[in-house]
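Report on one structure; see the data block that follows.
The values are calculated or read from the model by the stated rules, or taken from the named source; none is laboratory data. Quick caveat: nothing in here was measured; it's all calculated off a predicted structure. Note: ideal-geometry Cβ built from the backbone for every residue, glycine included; neighbour counts use all protein chains shown. Just so you know, the surface numbers come from the protein's heavy atoms only, side chains and all, with ligands and any DNA or RNA stripped out. Shrake-Rupley method; radii C 1.70, N 1.55, O 1.52, S 1.80 Å.
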Amino acid sequence: MQATIHRQQLRLVLLILVGLITALFLLGIGTAAAQGPETGIICTSGTLNGSNRTISLATTTGYIGTPDDNVVFMWGYAEDGQPFQHPSPNLCVNEGETVTIILHNTLPADTSIIFPGQNNVLANGVAAQPQFDGGGNLTSMTDVATANGGSVTYSFVAENPGTFVYQSGTDPDKQVRLGLFGALIVRPVGHPDWVNNALDGLGQPLNTFHPDREFMIMLSEIDPLLNQAVERGRPFDMNNYHPRYWLINGRGFPDSLAPNFAP
């Protein structure tokens, strides 16, 4: 009699577990469908008021999995109020818009953003001030969001259509490798199916694509020892940096073949 009761209890527990797993699976599918397409680029576009676009970002921390079952601590930018993601959001704007990007910093270190390819970038209303070494290499930005709660507001007119990178301008050798980077996509005005405004000798666009089938490849690398040191609050000598993972859009093979929002 006791054994029969135990078997019935076990069946009930198994049924409950199967039900929970099914519910979570269906919930995951519904969430993915609501957030965007299964393949291709997912845009973060902020809010548009006339020709002024505002995007709020916050620095976050999180973890990514690797194909060898390792788990790596990362930094990242995320849309303000949203969870960590890697790589950071694809910021999509239109040519001619005045773009304002507000950065809130939750990290225990000063950080910033630079926008290569964009002209006349302002930080808190004045010209952004990058710092370079004697070899012309960026070493830091003077306009930063200070550690543990600081913020800074950047603005520029998106004059040049194309695909660009945005990334940390503070200790970039370290912070970019920790995950503070993403893509900035500037759409040609009136031509959402053009990559940029380049024309051939006959006045035809050199590079067109179908907006519903848009893909991007962003390459990055990770030395997990750097990430581990940062997670534990320990120093790391960047002279010892040695990448062990090479990622496509934040994933290593075979995860790089999975659709958006895959578990």
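Please list Ser45, Ser88 in order of solvent-accessible area, largest first, computed with a 1.4 Å probe with all protein chains present.
Details: Ser45 45, Ser88 5 Å².
Result, largest first: Ser45, Ser88.
P(r) tail for the range 36-167, what percent of Cα pairs lie past 20 Å? It would help to have the intermediate numbers written out before the result.
On the way: 4324 of 8646 pairs.
Tail fraction, whole percent: 50.
I'm a student and want to see the number: the projected area of the Cα convex hull of the range 162-263, averaged over all directions, in nm².
Values: hull surface 38.5 nm².
That works out to 9.6 nm².
For the ranges 166-172, 95-101, 197-203, what's the packing order if you count other beta-carbon atoms within 10 Å of each residue, average per peptide, and put the highest first? Please list the in-between numbers first.
On the way: 166-172: 23.7, 95-101: 18.7, 197-203: 9.1.
In descending order of packing, they fall as 166-172, 95-101, 197-203.
Out of the total accessible area of the range 70-220 (probe 1.4 Å, heavy atoms of protein only), what percent is carbon and sulfur? Walk me through the intermediate numbers first.
Values: 3560 of 7020 Å².
Of the solvent-accessible surface of the range 70-220, carbon and sulfur hold 51 percent.
Hey, what do the phi angles of the range 215-230 turn into as Karplus ³J(HN,Hα) couplings, whole Hz, using 6.51/-1.76/1.60 and θ = phi - 60°, x for Gly and Pro?
10, 9, 10, 10, 9, 8, 9, 9, 9, x, 5, 4, 5, 5, 4, 5
Expressed as a rounded percentage, what relative contact order does the range 178-263 have, with Cα pairs under 8 Å and six or more residues apart? Spell out each step's value before the answer.
Details: 72 pairs, mean separation 18.0, N = 86.
It comes to 21 percent, rounded to a whole number.
When ligands, DNA and RNA are left out and all protein chains stay put, how many square angstrom of accessible area per residue does the range 208-263 have with a 1.4 Å probe? Mind showing how you got there, number by number?
Working: 3950 Å² over 56 residues.
For the range 208-263, the solvent-accessible area averages 71 Å² per residue.
Can you compute 3J(HN,Hα) from phi for each residue in the range 233-243, using the Karplus curve 6.51 cos²θ - 1.76 cosθ + 1.60 with θ = phi - 60°, rounded to whole Hz and x for Gly and Pro?
x, 10, x, 9, 7, 5, 5, 9, 5, 8, x
For the range 176-241 and the range 150-170, what is the separation of their C-alpha centers, rounded to whole Å?
Computed from Cα coordinates, the inter-centre distance equals 13 Å.
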